[in-house]
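Heads up: the structure comes next, in structure tokens.
The values are calculated or read from the model by the stated rules, or taken from the named source; none is laboratory data. The model shown is predicted, which means the values in this text are computed figures rather than measured ones. Note that we place each Cβ from the backbone using ideal geometry, even for glycine, and neighbour counts take in every protein chain shown. Only protein heavy atoms, including side chains, enter the accessible area calculation; ligands, DNA and RNA are left aside. Shrake-Rupley method; radii C 1.70, N 1.55, O 1.52, S 1.80 Å.
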Amino acid sequence: MSESTVRIGLVLPDVMGTYGDGGNALVLRQRLRMRGHNAEIIEIGLNDPVPDSLDLYTLGGAEDAAQRLATRHLLRYPGLQKAAERGAPVLAICAAIQVLGHWYETSAGERVDGVGLLDATTSPRKTRAIGEIVLTPSIPGLTAPVSGFENHRGGTTLGPDTKPLGKVTRGVGNGVGDGNEGAVRGSVYGTYLHGPVLARNPEFADHLLARALNVESLPPLDLPEVEQLRRERLRA
């Protein structure tokens, strides 16, 4: 981690930013600044190699053609893979789960090799999963229900080296009938939840930040409006 400024990599927002998931980087930056840390967002576009030296990384959702572009770019410039290997947190939203897996199938039935950071494969479902979703988290460090909005046709199967983010209590999740949602391997966290997910789930945001800062926990923030949003979304 940099000594003076925490650097948040917003990876390929020009092609992996369909659903406003770049807001997750904004949430991370603001929560750091409110605790007195210097923080900046580094946008990494298709014209840029992916640096391996940033403190944490976020990726958003995309359609098939954009996924292909993103996959090629990440394989050509493997800075994200190197950063994950040293333990930098990576948040992958929706299609980014598929890109970071072993392979995914497009809606046309073409199989595309992924980056391989997650032990997961994805094939299209017959029907689209769309609507509010709530999880009971199943990874250490998260205790509060996780809420979001899912909008995908992916059916993601996890291998033995990747665990789910949580169990679905409302919604579809990974869509393969096991009740799981998301994919977690080492410091890589994948989820189909939009929202942006970190705006709706401050505990999740702080979990990623604590890993980036290499601390056990962070001092709490008194943000009544965030708790109000959580209550509203959990009732939705």
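Figures for the structure shown
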quantity	calculated
Test: residue in segment 11-24 that is assigned to a helix (DSSP H, G or I) and of a type in the set (G, A, S)	yes
Lone qualifier among A212, A183, A205 - being among the hydrophobic types (A, V, I, L, M, F, W, C), out of contact with any strand residue (DSSP E or B) (no Cβ under 7 Å at 6 or more places or on another chain), in contact (Cβ under 8 Å) with a residue 60 or more places away in the chain and surrounded by 21 or more Cβ atoms within 10 Å (Cβ to Cβ)	A205
Residue that is most open to solvent (accessible area, probe 1.4 Å), among those in segment 1-34 that are closer than 20 Å to P220 by Cα and within 15 Å of the chain's Cα centre (by Cα)	L26
Checklist (1) in contact with a His (Cβ under 9 Å, 6 or more places away or on another chain); (2) assigned to a strand (DSSP E or B); (3) open to solvent by less than 10 Å² (accessible area, probe 1.4 Å) applied to S147, failing item	(1)
Condition met for G61 (within 29 Å of D113 (Cβ to Cβ) and buried (at least 20 other Cβ atoms within 10 Å of the Cβ))	yes
Qualifying residue in segment 110-118 (condition: surrounded by 18 or more Cβ atoms within 10 Å (Cβ to Cβ) and either of a type outside the set (A, V, I, L, M) or closer than 20 Å to H194 by Cβ (or both))	yes
Residues that are touching a residue at least 40 places away in the same chain (Cβ under 8 Å) and of a type in the set (K, R), drawn from segment 95-143	R125
